[in-house]
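One structure below.
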Amino acid sequence: MEELRWNPIRQEWVIVATHRQTRPLLSRKQCPFCEEVEGAPGELEVISIPNLFPSLLENSRSVSNESPLFVKCPAYGKCEVVIYSKDHDKGLKDQSTDSLIELINLWIDRYEELGSKPGIKYVFIFENKGRLIGVTLDHPHGQIYAFPFVPEALQREVESSKKWMEKHGRCLFCSIIEGEKEKSERIIFENERFVGFVPFFASLPYEVHLYPKSHLGSITQLDDHGKKDLAESIKAIITKYDRFFGFELPYMMMLFQSPTDGKDYPFYHFRIEFRPLHRSKEKIKYLASVESGTGVFINDTLPEEKARELKKTKWKE
Ligand SMILES: [Zn+2]
Ligand SMILES: [Zn+2]
């Protein structure tokens, strides 16, 4: 069963996808992604396939609300898996810039195609990495969810950036980038087109936000130079994480882009967020009562300090 159920208290949708309980934890020998890419043509490194355990399905979209208390509708949408590499052990940081550019091109293609489907209002590209984050398959891969609604948290972002633009006459995110560059103490990586930093308001110790320096609403607006610099930035941040921690750091990587509901979002500016749950090599930040119940995060580290650690960790040699 896959359906969306409306929570009238928090004013948000919940995806009910019971078949996902049966997702198996698979060993290397049973890896279906290795099988999937074996037959892929030529040098092709990156492919996207439908998720076998989708949370959203491409079917009808009738909302049933006999009662205002129990509003539900079929979980219309699409879930895809993006396989990063033919090699079971080759994560993003081990790939060449060209392979990463191939991945960025695939993201662009999927964002455009899924976003243009009728009823798809938000395309969310992400990667969950590591068992700690609940990943059942080790083969390097990311995912894409095409939502039939703009999720609440992102709707809030859109509204706040619109208000900021109206009040200050410029983009909220461009302002944040400028402020971080002026201070420079939280910047951990920078190249010509991108800048990555632990934000002033980081909710997790090693949270990193990566922005294009020019005002772009989605990855579709990147030129070749922008794609190259984005590829390098992703590689740099993950390499820094792994070198600093001394192991492959589990993380969530998420692309936040303009909604695809057909409206214009000239005030929005895309970013990629990296959210590892580690507080130190041994300690994990659990999302417990305060975080889950109130949405208020307690960060028991200073973003400036964490940024310093990541900044001085070399990624190239
Ligand atoms: Zn594999
Ligand atoms: Zn901007």
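Structure notes:
- For Glu317 and Glu152, a Förster radius of 45 Å and the Cβ-Cβ distance give a FRET efficiency of 0.55, rounded to the nearest 0.05.
- With the convex hull constructed from alpha-carbon coordinates only, segment 2-312 shows a mean projected area of 17.2 nm² over all directions.
- Ordering His168, His139, His88 by the number of other Cβ atoms within 10 Å of each residue's own Cβ, fewest first, gives His168, His88, His139.
- Loop-located chymotrypsin sites (Phe, Trp or Tyr not before Pro) in segment 124-205 whose Cβ has at most 12 other Cβ within 10 Å (DSSP): Phe201
- Disulfide-incompatible cysteines by the Cβ rule (no partner under 4.7 Å) in the chain: Cys73, Cys79
- Euclidean distance between Cα centres, segment 264-317 to segment 103-129, Å: 24 Å
- For the chain, adding -39500 (n - 2.57) for each run of n ≥ 4 DSSP H residues and dividing by the number of residues yields -9000 deg cm²/dmol at 222 nm.
- Segment Arg131-Lys281, length gained on full extension (0.36 nm per residue, minus Cα span): 52.5 nm
- Whole-number percent relative contact order across the chain, with pairs defined as alpha carbons under 8 Å at least 6 apart: 17 percent
- Formal net charge of residues neighbouring Glu178 (Cβ-Cβ distance under 11 Å; K, R +1; D, E -1): +2
- Reachable lysines from Lys78, criterion Cα separation under 29 angstrom, eight or more residues apart if same chain: Lys29, Lys86, Lys90, Lys93, Lys117, Lys121, Lys129, Lys162, Lys227, Lys228, Lys235, Lys263
Computed from the coordinates by the stated procedures, all read-outs in this text should not be read as laboratory data. Because the structure is a prediction, the values reported are computed rather than measured. Note: ideal-geometry Cβ built from the backbone for every residue, glycine included; neighbour counts use all protein chains shown.
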